[in-house]
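What follows is a single structure, written as structure tokens, with notes after it.
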Amino acid sequence: MKIKGVNIWTVVVPTIPGRVHSPEWVPETGWDQVPKHLIRIDTDSGLSGIGETGRGVPIEEVRQGAARLLGRDPERQTPQQLLADRTDGVEDWLEVGVGPAYHAFEMALFDLIGRARGVPVHTLVGGAVRDRVKADYWMGHQTPEDGKRSVERALRLGFKGVKIKCRIEEPMFARLQAMREVAGPEFKVTVDPNERFHTAAQTIELAAQLETLGNVEVFEDPIPKSDLEGYCQIHEAIRLPVAMHLGDGAGIIRAVKAGVVDCLNLGGDLFGFMRNAAVAAAAGLRCWHGSGNDLGIMDTCYVHAASVAPNCTMASDFVGSWTREDDLITEPICFVDGYVPTPMAPGLGCELDMAALPRYTKAFEVVG
């Protein structure tokens, strides 16, 4: 089996109006207009594998990655070093998970190999340790009234918690109080300001107010991650769990050595996430899988990764299917009582929606 070509669709999928932010707080989402690239690796056997880039990956990187794969036998590749440059003949054990648009090609290769062998992707990377993965609802910057309506929708869909984007200037107590009025204290809220609580003092003061409501799950990235002294102050002063959103082992080790986190939001490509989760597990920390408000292919890949990591027991972020107009896969990810069933079909277990694709495609090309 040889790779004969790579199809590349450059897509822009807008968010559903009102689904992410309240317009009086954030008039335009913005990031939903940043292109993504969907790829399909085709082989001379008739089998294919699909993948998805993160937002804003340059098309030149996708072309370069595709060109490196042409003519290769996908089953004779080392996926962690799929796109590594070996022209200098030097073996570098750190050269894993690198290369142009690596994440997209990694998931497409695993999708292809899984289909060829008749097994799901999680089987190829260690095997799922759970048959369902916990997941929460998600919302952006919303007024208390809009947040209440979002929680009502989350409850109808069976979710048990929500992650919210926020900032210190928003009426945080009123936001969480409105959610509590709808769902009770057992419906937990992950508070994620993306470092926009600014200082330890402001974070500590806000935490004291929100703690009385009883519905906070965790404070994620309350202040800049570079301010370890501030994190130490927060960790010592509040009783709520504190998390950081991290994407590499060095960052995890730094946070653990400082003693400032109780759990972690982890990112990374398929292998990268599992390496990060293993570092967190060695420190005795639970984690969840983060996201970038992605489309269906990437969200499905996240589910596979989260099913493999034993310490990924917190609610993960698989949110694109209800924030964007379309996830561009034929069958949307299924959410049942706050969980996503672990995919069991060969490969990723999802198919590119060729009928919906033309509506959102800004450019198309084939390498090979």
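Does region 341-362 contain any residue that is under 23 Å from residue 165 (Cβ atoms) and either of a type outside the set (Ser, Thr, Tyr) or free of Cβ contacts under 8 Å to residues at least 12 places away in the same chain (or both)? No, region 341-362 contains no residue that is under 23 Å from residue 165 (Cβ atoms) and either of a type outside the set (Ser, Thr, Tyr) or free of Cβ contacts under 8 Å to residues at least 12 places away in the same chain (or both). Could you check, for region 67-83, whether at least one of its residues is modelled with pLDDT of 95 or more, surrounded by 21 or more Cβ atoms within 10 Å (Cβ to Cβ) and within 24 Å of the chain's Cα centre (by Cα)? Looking for residues that are modelled with pLDDT of 95 or more, surrounded by 21 or more Cβ atoms within 10 Å (Cβ to Cβ) and within 24 Å of the chain's Cα centre (by Cα), one finds none in region 67-83, hence no.
Within region 174-208, can you find the residues that are touching a Cys at 6+ places or on another chain (Cβ under 9 Å), within 24 Å of residue 153 (Cα to Cα) and among the basic types (Lys, Arg)? Result: 175, single match.
Does residue 59 satisfy the condition of being under 21 Å from residue 329 (Cα atoms) and among the hydrophobic types (A, V, I, L, M, F, W, C)? Break it down into steps so the answer makes sense when it comes.
Details: under 21 Å from residue 329 (Cα atoms): no; among the hydrophobic types (A, V, I, L, M, F, W, C): yes.
So residue 59 fails the test.
Filter region 126-154 down to residues that are modelled with pLDDT of 95 or more, in contact with a helix residue (DSSP H, G or I) (Cβ under 6 Å, 6 or more places away or on another chain) and surrounded by fewer than 18 Cβ atoms within 10 Å (Cβ to Cβ) and give me whichever is nearest to residue 189 (Cα to Cα). Here the residue is 152.
Candidates are the residues of region 308-351 that are acidic (Asp, Glu) and buried (at least 22 other Cβ atoms within 10 Å of the Cβ); the one that is farthest from the chain's Cα centre (by Cα) is 327.
Given the condition aromatic (Phe, Trp, Tyr) and out of contact with any Ser or Thr (no Cβ under 7 Å at 6 or more places or on another chain), answer yes or no: does some residue in region 267-276 qualify? Scanning region 267-276 turns up at least one residue that is aromatic (Phe, Trp, Tyr) and out of contact with any Ser or Thr (no Cβ under 7 Å at 6 or more places or on another chain).
Restricting to region 102-126, count the residues that are in contact with a strand residue (DSSP E or B) (Cβ under 8 Å, 6 or more places away or on another chain) and farther than 14 Å from residue 305 by Cβ.
The qualifying residues number 7.
Selection of first residues in region 322-333 that are closer than 14 Å to residue 354 by Cα and of second residues that are surrounded by 22 or more Cβ atoms within 10 Å (Cβ to Cβ) and at pLDDT below 95, restricted to Cβ pairs under 8 Å at least 6 apart or on distinct chains, gives the following pairs, ordered by first then second residue: 327/320. The residues on offer are 168, 223, and the sole one that is surrounded by fewer than 17 Cβ atoms within 10 Å (Cβ to Cβ), out of contact with any strand residue (DSSP E or B) (no Cβ under 7 Å at 6 or more places or on another chain) and over 19 Å from residue 336 (Cβ atoms) is 168.
The number of residues in region 230-287 that are surrounded by fewer than 18 Cβ atoms within 10 Å (Cβ to Cβ), in contact (Cβ under 8 Å) with a residue 12 or more places away in the chain and of a type in the set (Asp, Glu) comes to 2. Residue count for region 261-300 under the criterion of being of a type in the set (Asp, Glu), assigned to a loop (DSSP other than H, G, I, E, B), touching a helix residue (DSSP H, G or I) at 6+ places or on another chain (Cβ under 6 Å) and at pLDDT 95 or above: the result is 1.
The set of residues from region 181-203 being part of a helix (DSSP H, G or I) and either in contact with a Lys or Arg (Cβ under 9 Å, 6 or more places away or on another chain) or buried (at least 18 other Cβ atoms within 10 Å of the Cβ) (or both) comprises 181, 182, 183, 200, 203.
The values are calculated or read from the model by the stated rules, or taken from the named source; none is laboratory data. These figures come from a predicted structure and were not determined experimentally. All Cβ positions, glycine included, derive from the backbone under ideal geometry; neighbour counts span all protein chains shown.
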